[in-house]
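Report on the structure given below.
The values are calculated or read from the model by the stated rules, or taken from the named source; none is laboratory data. Fair warning: this is a prediction, and the values are worked out from it, not measured in the lab. For neighbour counting, all protein chains shown are included, and Cβ atoms are generated from backbone atoms with ideal geometry for every residue, glycine included.
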């Protein structure tokens with residue numbers, strides 16, 4: 001599995017920004033109430049970020065040799081896929097949060113209550129999820145070892 005590329009994260013962030021801004025614009029142009037993220041969203045994103053990193057820590061300990069407990073390779077694969085999904089969805093949610101915030105801040109009349117604060121908290125929670133996903137993915141990375149050198153030395157490349 002390849003590491004998450006910055007271009008993927010940037011692309012999803014831009015897509016989320018455009019979708020968030022245009023969805024708010026379309027909703028308000030139809031006369032409906034705009035979407036304000038609930039307080040439970042950043043709390044949930046933070047909880048998922050903590051869980052993903054907690055799942056990746058035993059794999060990091062095993063990779064670094066600090067644990068004698070054997071790690072199931074299928075479990076490690078599931079965790080790295082979950083970490084990658086968290087980083088990608090975090091990037092999308094960061095973009096959507098910025099898009100919603102940009103829409104709210106560009107209106108002539110600011111929304112009532114703490115809509116901007118809730119949007120900023122949701123965006124911060126998405127950033128935390130993004131960073132936690134990348135960190136957990138890093139924790140599941142195997143360091144280059146001597147086995148890699150032996151495999152490349154034993155490969156026979158035919159010459160013409």
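Computed quantities for the displayed model
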read-out	value
Count of segment 36-47 residues which are within 16 Å of residue 89 (Cβ to Cβ) and touching a helix residue (DSSP H, G or I) at 6+ places or on another chain (Cβ under 6 Å)	5
From the options 85, 76, residue that is more than 18 Å from residue 131 (Cα to Cα) and out of contact with any strand residue (DSSP E or B) (no Cβ under 9 Å at 6 or more places or on another chain)	76
Test: residue in segment 105-123 that is over 23 Å from residue 13 (Cβ atoms) and in contact with a helix residue (DSSP H, G or I) (Cβ under 8 Å, 6 or more places away or on another chain)	yes
Sole exception among (1) closer than 16 Å to residue 106 by Cβ; (2) within 16 Å of the chain's Cα centre (by Cα) for residue 29, by number	(2)
Within segment 1-113, helices (runs of 4 or more DSSP H) holding 2 or more residues that are at pLDDT below 90 and surrounded by 15 or more Cβ atoms within 10 Å (Cβ to Cβ)	40-64
Every residue from segment 124-138 that is surrounded by fewer than 22 Cβ atoms within 10 Å (Cβ to Cβ) and over 17 Å from residue 8 (Cβ atoms)	124, 128
Tally of residues being modelled with pLDDT of 90 or more and in a loop (DSSP other than H, G, I, E, B) across segment 134-149	0
